[in-house]
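The values are calculated or read from the model by the stated rules, or taken from the named source; none is laboratory data. Quick caveat, the model's predicted, so the values are computed rather than measured. A quick note on method: Cβ atoms are made from the backbone with ideal geometry, for glycine too, and the neighbour counts reach across all protein chains shown. Just so you know, the surface numbers come from the protein's heavy atoms only, side chains and all, with ligands and any DNA or RNA stripped out. Shrake-Rupley method; radii C 1.70, N 1.55, O 1.52, S 1.80 Å.
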Amino acid sequence: MENITSGSKSDLINVELSSRRTGMSFQRTRMSADRTLMSVIRTSLSLISFGFTIFQVFEKLRDQSIITHGAPARNFGVTLVLLGILMLIGGIIYHVQFMVHLREQRAEMIAAGLVHGQSKFPLSLTLATAVILLLIGIAAIVSMVFNVGPFG
């Protein structure tokens, strides 16, 4: 009889440890999604800044009459900025969809009693950074195309 009681206590401890490990795996998965979005941000930032630089260099050379036909290079710069913006939009959409699905899975596991529901999923700082970069990228492309705004 003594073994059954100690076995039950051992089983409870194992279930508790398993529940905690599963809860931590959700945190690791969330951090992994943030790292994926960070890589999208880095690539988008590179495209946007490089495209904007190419555009500005050829715009300044044209303004100083050093070159007369800089349109293809300027268009290439605009294309790079646009590509960076589109990539960022895709990364944000993917991240939000993934996080919604992860939250739904976690809620199901909490309801089933498989995971403790104590830790929250706070707003992702990486997602906020991506949205801010997206707004800056949109301002840059509007400035480049229409020659208005803060970058014009």
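Taking the stated definitions as given, is Leu88 modelled with pLDDT of 90 or more and open to solvent by less than 60 Å² (accessible area, probe 1.4 Å)?
On the way: modelled with pLDDT of 90 or more: yes; open to solvent by less than 60 Å² (accessible area, probe 1.4 Å): yes.
So Leu88 passes the test.
Within the range 71-87, residues that are over 12 Å from Ile138 (Cα atoms) and assigned to a helix (DSSP H, G or I) reach partners that are open to solvent by 80 Å² or more (accessible area, probe 1.4 Å) and at pLDDT 95 or above with beta carbons closer than 7 Å, at six or more positions or on different chains, in the pairs Leu80/Phe50.
The number of residues in the range 98-152 being at pLDDT 85 or above, under 22 Å from Leu37 (Cβ atoms) and among the hydroxyl-bearing types (Ser, Thr, Tyr) comes to 3. Go through (1) open to solvent by less than 80 Å² (accessible area, probe 1.4 Å); (2) under 18 Å from Val131 (Cα atoms) for Gly113 and report which single condition fails. Evaluating Gly113 over (1) open to solvent by less than 80 Å² (accessible area, probe 1.4 Å); (2) under 18 Å from Val131 (Cα atoms) leaves (2) as the failure.
Any idea which of Ala107, Ala139 is closer than 18 Å to Arg30 by Cα and open to solvent by less than 70 Å² (accessible area, probe 1.4 Å)?
Details: Ala139 fails: closer than 18 Å to Arg30 by Cα.
Exactly one of Ala107, Ala139 is closer than 18 Å to Arg30 by Cα and open to solvent by less than 70 Å² (accessible area, probe 1.4 Å), namely Ala107.
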